[in-house]
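Peer 1: First the structure, which I've put down as structure tokens, then a few questions once you've had a look.
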Amino acid sequence: MSTALSSAPIHSKPATQTAPAVRSCYDVLDLCRGCGITDFTDGKYADERNDRQAYLAAQRRQASYLLDQINCTAGSRMLDIGCGYGRILEAAAARGAEAIGITISPPQVANCRQRGLHIELCNYREILNDDQYADWRHAFDGIIANGSLEHFVQCEDAAAGRADDIYTEFFDVCHRLLKPGGKLATTAIHSRRVGQVNGGHLLDGPDRWPKGSVNYHAANLHRSFGGWLPEPGQLEHCAEGRFRLIAAEDGTRDYLRTSEYWMARIKRSLALNPASWPIAVRTFMRQPKATWHMLRCLLWDESWTFQFREPAPAQLWRHTWQAV
Ligand SMILES: C[S@@+](CC[C@H](N)C(=O)[O-])C[C@H]1O[C@@H](n2cnc3c(N)ncnc32)[C@H](O)[C@@H]1O
């Protein structure tokens, strides 16, 4: 593992390719817009309600929490790594901050630009390689990575022992983009136990495993979303020398409620709301196999929600880090 802090550019390698499953997952998930869902992370719930109003309020509360964690106020400069459809960017702009988002998803870029948000189509691993972002170095007061970390390592990487290096590189990139002492807020689904899943076991798809087993669901998720979950303590270990963990909060129950709301809303919309059909049909025509796998994974096998149901094999951690 490379933890040494160096002033030399760390990206002397060829352009990093985004894993195909990660790209196609957000092409397919664009159909959620037709179902009234444009937020792709946990909300923060205040009570037991889980209707539309409670869902939207929980999403706003989570955005507000993350912005507070990085001390985002009028005049702050913040970067959202994996900004989705720009919920955090909008909330930051409402505080008077200068907010920039990056995503690897072209539909998200198109949608955010239409709404006047500053967003770039960019893999975070390329920022320091790309001259157009030269003035981003040590330019941000705060960075948020809200639900994007789970895509950074792939099962193939984990199986080959590259996970630590990739997380370490992520913290290094953030450190080089932040002003001294700047803050980083991350939310990431973690596996519950160290060694819970073997990356190499997930590469052949879910059907190799007993239906309903942890491996079945994990392989299903990997096939549709592309990615790998950090293990307990792994991020802390990989941040060493660059960031100090200053706050941690378990949001697993919140993520279960968000997921239950998502699934109910998608099912109801696709079954009953004709307004959701055109975008769903277009997505299916463009990516029939990936769309079929995604709908099976989310709605039939319920692999997404399975992660957070007791005894939950996954745990959502909200972490706040300070650059050292
Ligand atoms: C689960 S979504 C979360 C979106 C958003 N933060 C939200 O709260 O709705 C993950 C996001 O990470 C982005 N992403 C995944 N890998 C990325 C990478 N290597 N560089 C930049 N963005 C990435 C995806 O395009 C997507 O926007």
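Peer 1: How about the range 233-267: which of its residues are without any contact (Cβ under 8 Å) to a residue 40 or more places away in the chain and under 26 Å from Cys32 (Cβ atoms)?
Peer 2: Ala264, Lys267
Peer 1: May I ask you to list the residues in the range 289-324 that are among the polar types (S, T, N, Q), in a helix (DSSP H, G or I) and under 18 Å from the mean Cα position of the chain (by Cα)?
Peer 2: Of everything in the range 289-324, those that are among the polar types (S, T, N, Q), in a helix (DSSP H, G or I) and under 18 Å from the mean Cα position of the chain (by Cα) turn out to be Ser303, Thr305.
Peer 1: If Ser76 satisfies every condition in (1) out of contact with any His (no Cβ under 9 Å at 6 or more places or on another chain); (2) under 22 Å from Ala248 (Cβ atoms) but one, which is the exception?
Peer 2: The one condition Ser76 does not meet is (2).
Peer 1: Val109: in contact with a Leu (Cβ under 7 Å, 6 or more places away or on another chain), free of Cβ contacts under 8 Å to residues at least 24 places away in the same chain and either among the charged types (D, E, K, R) or within 13 Å of the ligand (Cβ to nearest atom) (or both), yes or no? Give the derivation first.
Peer 2: Values: in contact with a Leu (Cβ under 7 Å, 6 or more places away or on another chain): yes; free of Cβ contacts under 8 Å to residues at least 24 places away in the same chain: yes; either among the charged types (D, E, K, R) or within 13 Å of the ligand (Cβ to nearest atom) (or both): yes.
So Val109 fits the description; yes.
Peer 1: May I pose another question? Let me confirm something: among Thr103, Thr38, which residue is hydroxyl-bearing (Ser, Thr, Tyr) and over 23 Å from His319 (Cβ atoms)? Quick ask: steps written out before the conclusion?
Peer 2: Details: Thr103 fails: over 23 Å from His319 (Cβ atoms).
When all the criteria are applied, what remains is Thr38.
Peer 1: Still on this model: If you go through the range 132-152 one residue at a time, how many are β-branched (Val, Ile, Thr) and near the ligand (Cβ under 10 Å from one of its atoms)?
Peer 2: Count: 1.
Peer 1: Check Leu56, Leu121, Leu66 and return the single one that is surrounded by fewer than 16 Cβ atoms within 10 Å (Cβ to Cβ) and either hydroxyl-bearing (Ser, Thr, Tyr) or closer than 21 Å to Phe152 by Cα (or both).
Peer 2: Exactly one residue qualifies, and that residue is Leu121.
Peer 1: Would you confirm, using the coordinates I've provided, whether Phe225 is under 28 Å from Phe308 (Cα atoms) and out of contact with any Cys (no Cβ under 9 Å at 6 or more places or on another chain)?
Peer 2: For Phe225, the condition - under 28 Å from Phe308 (Cα atoms) and out of contact with any Cys (no Cβ under 9 Å at 6 or more places or on another chain) - is not met.
Peer 1: For Gly86, all conditions in the list (1) more than 15 Å from the ligand (Cβ to nearest atom); (2) in contact (Cβ under 8 Å) with a residue 24 or more places away in the chain hold save one; what is the number of the exception?
Peer 2: Tallying (1) more than 15 Å from the ligand (Cβ to nearest atom); (2) in contact (Cβ under 8 Å) with a residue 24 or more places away in the chain, Gly86 fails exactly one: (1).
Peer 1: Let me ask you something else. Taking the stated definitions as given, is Ala160 farther than 22 Å from Gly43 by Cβ and within 16 Å of the ligand (Cβ to nearest atom)?
Peer 2: no
Peer 1: Kindly indicate whether any position in the range 114-131 is more than 12 Å from the ligand (Cβ to nearest atom), aromatic (Phe, Trp, Tyr) and modelled with pLDDT of 95 or more.
Peer 2: no
The values are calculated or read from the model by the stated rules, or taken from the named source; none is laboratory data. Every value quoted in this text rests on a predicted model; they were computed, and no experiment measured them. Because the Cβ atoms are built from the backbone with ideal geometry, glycine has one as well, and the counts that use them run over all protein chains shown.
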